[in-house]
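Down below is the structure, laid out as structure tokens.
FYI, it's all coordinate maths here, none of it is from the lab. Note that the structure is a prediction, hence the values are computed from the model and not measured. Heads up, the Cβs are rebuilt from the backbone with ideal geometry, glycines too, and the neighbour counts pull from every protein chain shown.
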Amino acid sequence: MNYDFTSEQNILKESAHKLLAKECTGQHVREMAEDEQGFSLELWEQMAELGWMSLLIPEKYEGSGVNFFDLSIFLSEMGYHCLPGPFFSTVVSGGLALLEAGSDAQKGKILPDISNGRCKISLAWMEEEGRYSPEGIKLGARKKNGHFILSGKKLFVPDAHVSDIIICAARTSDDLKSITLFLAETKAKGIRIQLLDTMAGDKQCEVLFDHVEIPEENILGELDRGWPILKKVLLKSAVAKCAEMSGGAEKVMDLVIPYVKGRKQFGRPIGAFQSVQHQCANMLTYIETMKYLMYQAAWRIDKGFSFEKEASICKAWASDSYRKLVALGHQVIGGVGFMEEYDLQLYFKRAKAAEQLFGDADFHREWVARGMF
Amino acid sequence: MDFHFSNEDKKTLKEVRSFIKAETTPELIAETHKLGHIYGGKEGRRFIRKFASNGWLTPNWPEEYGGLGRSAVLNAAIREEMAYASVPVVFVAAHMAGPVIMHFGSDEMKKEWLLQIARGEIEFSLGYTEPQAGSDLSALDIRAVLKGDRFIVSGQKSFNTASHVADYHWLAALTDPDAKRYHGMSLMIADLKSPGIDIRPMTTMAGWQTNEVFYNDVEVPGKNLVGEINHGFFYLMSALDYERMYPLAAYEKVFDMIVKYAKETITGGQPVSKNPIVRQKLAQIKIQLEANRLLYYRLAHMVDHGQIPNYQASMQKLFATETAQLITNTGMEILGPYSQMKEGSKHAVLSGQMENYYRTSVVETIYAGTSEIQRNIIALRGLKLPSK
């Protein structure tokens, strides 16, 4: 057993921290929440050049070799700085789906573009039911002359408005679990995208498929067999999301702890009061448990071990813990933390958004229970 | 990072498991239960000597002191195996006092004590708490006066669990009452059979016994002083960091019993385990058990890398004991009125163990530092928050 990073991993963390501290300030995050595109192309290209997008991609597709653990280190830093933009939907969810189910031709065409920052992807999964279940997928795909015709509506699709490819989960038979994944080019005829206004200013979209024609070779994986792929992508994405969340939680600690050391009331720093100390001790306990559960799941994915149970455990725990940690932070900082100009609000909003992505705590506890019963 | 046991450790753990399975008699389990999982009873001693002859009581100690020169991770894993098997799990000498002697004791002291401890031949009981010194251990009152080559000890200890079955007292006493706080205390080893020691039982609401220990001019050989005189408080703090490494597996076993019960018990025409609220509650415990496991082995990782666990031990103790109480309370909820039936009672389920664990779990968040003390330590040492 070993709980330490390697020295290379420490360097990765520091270098990511340095770049994002410079380029992804609180000011930038606020601007991008208002901005329609929602991210800086310049920073995107810089990250691509540094190889951040190549971390899940094998070398034969111009990547740097699959390394989920190292990716989790980068994602933590992105969470720490609230990096806006389509990195997660492209590199994590999109990349994972392609790696999991893509044909050689599909991988050869798309993965090098992800690795080099030339292609952005979004995974369109949820619909009006707002749940991660095969039953909730109603958008239908009908076969006609060697093509599939997709019709229906996807909701809460991350960064679809800037994506080149949308991976769309569609129903291909009446059997409840008969879901098929399609690679749709965003500019295809019949796709209409509308940006939704969200609490955290992250870019979620409604995507309308109006008789969109997709050639059969754009099926990702096999016909009717999309659900197991989605499930795997969901679980790995959940772990990756936990990495972002634990980074965000670290930043919250860095906001709160210096504050309670410096802020004086009743003639002493508020951090000297045990009522405040105990809240802070709980915060540290949340963050350390979150981190180790996440690293363990990421490590298992990297090593090729079974990871499903650990993934659900870590997402359930992180979903609750990150929210509680921010709430404790708000409580000990007091009124100042409630101000828009104070960065804590950025993390409050993103904690809730992240909690609901890829299954919340109730969702993953049920999956843990399925493993027990 | 790496979250696996090595193949060598896995092999040893397999041997430990089959040993425990073969050697755990109903008499041993009954005695362990009666004594509150401490070691010192007749059955426990027989079992532990055989167990320790494999080096398993102190696998991370050097071979010259009866260890195997293996890792603290293995030691932590073996303690979990023992806790899960309901055999004695609290070893003051091997797991709390021993590491302090190893760190701070003289060569003579190491030679005299460590080998006996590693072989499971002797056991200590903790002699810290006094009526006026609970959470505040710096408020000790018991006096040890050096006269020639021996200390003369007088005063009173309370809540000294295992003193009635242990051989020696791991005693904290004032050696310089005029010194500044924290600077007048020493740690020493007192023979509990010494003339002048009077042990009186205090019965807990969990049914097992702890003790008041009275010292009336008791002689303790000067060579039994641990480390330097008046440095005791600091040794005691590091001993506490070891004590706070808390194997939770005894409660994990309770959890597994509850899960099995939920699977096999039918209410309203279906297994209890189909109830979504029950599923959520039990899954939450499963998650906390996993989080605790990672906090627990982090402590072993630290020891293996030459560090003494500090606020990290407080965090694990806090997390584990709160999880223990969540487990017992959830068990009471799921078993409903059956949970209250005592062992041997008509209609008792799970051999009436639920209510017993529910009672016992009360003290888990109190001894070795209350949850409030643990949070203080996490805040002051872990986050460096100001004390005033």
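Given contacts defined as C-alpha pairs under 8 Å and at least six residues apart, what's the relative contact order of region A:241-307, whole-number percent? Intermediate results must be reported in sequence, preceding the final value.
Details: 34 pairs, mean separation 21.0, N = 67.
That works out to 31 percent.
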Which whole-angstrom value gives the distance between the alpha carbon centres of region B:67-118 and region A:104-175? 58 Å
So what are the ³J(HN,Hα) numbers for region B:19-29, from phi and the Karplus equation (6.51, -1.76, 1.60; θ = phi - 60°), rounded to whole Hz, Gly and Pro as x? 4, 4, 4, 6, 9, 7, 9, x, 5, 5, 5
Enter the angle in degrees (range 0 to 90, nearest 10) between the Cα long axis of helix B:107-118 and the first principal axis of the Cα atoms of chain B, meaning the one along which they spread out most. 20 degrees
Nearest 5 percent is fine: what portion of the DSSP beta bridges confined to the protein assembly as shown is antiparallel? 85 percent
Per residue of B:294-304, how many C-beta atoms from partner chains lie within 10 Å of its own C-beta, taken as a mean? 3
Could you tell me the center-to-center distance, by alpha carbons, between region B:362-388 and region A:1-52 in angstrom? 36 Å
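Stokes-Einstein D for region B:234-293 at 20 °C, 1.002 mPa s, Kirkwood Rh over Cα pairs, in µm²/s? Before the final figure, lay out each step's value.
Details: Rh = 13.6 Å.
Estimated diffusion coefficient is 157 µm²/s.
Using Cα-Cα distances under 8 Å and only pairs 6 or more residues apart, what relative contact order does chain A have, in percent? Intermediate results must be reported in sequence, preceding the final value.
Numbers: 685 pairs, mean separation 56.3, N = 373.
15 percent.
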If amide hydrogens are placed 1.01 Å from N in the peptide plane, which non-local residues have theirs closer than 5 Å to the one on residue A:148? A:214, A:216
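Under the rule of -39500 (n - 2.57) per DSSP H run of 4 or more residues, summed and divided by the residues of chain B, what mean residue ellipticity at 222 nm is obtained, to the nearest 500 deg cm²/dmol? Working shown, then result.
Working: 12 runs with 167 residues, N = 388.
Mean residue ellipticity, 222 nm, calculated: -14000 deg cm²/dmol.
Would you calculate the volume per residue, in Å³, of the smallest convex hull containing every Cα atom of region A:228-372?
Working: hull volume 15.1 nm³, N = 145.
Each residue corresponds to 104 Å³ of Cα convex hull volume.
If you take the square roots of the eigenvalues of the alpha-carbon gyration tensor of region B:126-233 and sort them as a ≥ b ≥ c, do you get rounded (a/c under 1.5), prolate (a/b over b/c) or oblate? Walk me through the numbers before you get to the answer.
On the way: a/c = 2.10, a/b = 1.37, b/c = 1.53.
Cα axes put region B:126-233 in the oblate bin.
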In Å, descending, principal axis extents of the Cα set of region A:7-119: 42, 38, 19
Kindly provide log₁₀ I(q)/I(0) values, in the same order as q = 0.06, 0.11 Å⁻¹, from the Debye equation applied to equal alpha-carbon scatterers of chain A. -0.23, -0.75
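Of the listed peptides A:253-263, A:117-127, B:15-25, what is their order by residue-averaged count of other C-beta atoms within 10 Å, with the highest listed first? Can you show the working numbers first?
Details: A:253-263: 17.4, A:117-127: 23.2, B:15-25: 14.1.
The densest-packed peptide leads the list: A:117-127, A:253-263, B:15-25.
Ordered by packing density, taken as the mean number of other Cβ atoms within 10 Å over each peptide's residues, highest first, how do A:8-20, A:234-246, A:92-104, B:300-312 rank? Write out the running numbers ahead of the final one.
Values: A:8-20: 15.4, A:234-246: 27.5, A:92-104: 22.1, B:300-312: 18.2.
Output ranking for A:8-20, A:234-246, A:92-104, B:300-312: A:234-246, A:92-104, B:300-312, A:8-20.
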Could you tell me the extents of chain B's C-alpha atoms along the three principal axes, largest first, rounded to whole Å? 77, 48, 44
Relative to the longest principal axis of chain B, what angle (0 to 90°, nearest 10) does the C-alpha long axis of helix B:276-304 take? 30 degrees
Mean separation of Cα contacts under 8 Å, 6 or more apart, over the residue count of region B:7-90: relative contact order %: 32 percent
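What does the charge count near residue A:53 come to, summing +1 for each Lys or Arg and -1 for each Asp or Glu among other residues with Cβ under 13 Å from its Cβ? Intermediate values should be presented prior to the final figure.
Values: positive: A:118, A:120; negative: A:45, A:49, A:62, A:70, A:113.
Combined, the nearby Lys, Arg, Asp and Glu give -3.
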Convex hull over the alpha-carbon atoms of region B:244-382: what's its volume per residue in Å³? 107 Å³
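Please give the average number of partner chain Cβ atoms lying within 10 Å of the Cβ of each residue in A:362-368, rounded to a whole number.
Working: counts 4, 0, 2, 9, 4, 1, 9.
Average neighbour count from other chains, rounded to a whole number: 4.
Sorted by packing (mean other beta-carbon atoms within 10 Å per residue), highest first, where do A:194-201, A:33-40, A:158-165, B:181-188 land? Please report the intermediate quantities before stating the final value.
Details: A:194-201: 13.8, A:33-40: 15.4, A:158-165: 23.8, B:181-188: 20.2.
The packing order, highest mean first, is A:158-165, B:181-188, A:33-40, A:194-201.
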By its C-alpha gyration tensor, with a ≥ b ≥ c as the square roots of the eigenvalues, how is region A:122-224 shaped: rounded for a/c under 1.5, else prolate for a/b larger than b/c, else oblate? oblate
Compare the Cα positions of B:72, B:59, B:91 along the charge dipole of region B:1-102 (+1 at Cβ of Lys, Arg; -1 at Cβ of Asp, Glu; about the Cα centre) and return the one farthest towards the positive end. B:91
Surface/4 estimate of mean projected area, convex hull on alpha-carbon atoms of the protein assembly as shown, nm²: 35.8 nm²
Taking only DSSP H segments of four or more residues, each worth -39500 (n - 2.57), what value at 222 nm results for chain A once the sum is divided by all its residues, to the nearest 500 deg cm²/dmol? -16500 deg cm²/dmol
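When Cβ neighbours within 10 Å are restricted to other protein chains, what is their mean count per residue of peptide A:292-300?
Working: counts 9, 5, 0, 3, 7, 2, 1, 4, 2.
Neighbouring Cβ atoms belonging to other protein chains average 4 per residue here.
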Determine the shape class of region B:7-90: with a ≥ b ≥ c the square roots of the Cα gyration tensor eigenvalues, call it rounded for a/c under 1.5, and otherwise prolate if a/b is greater than b/c, oblate otherwise. prolate
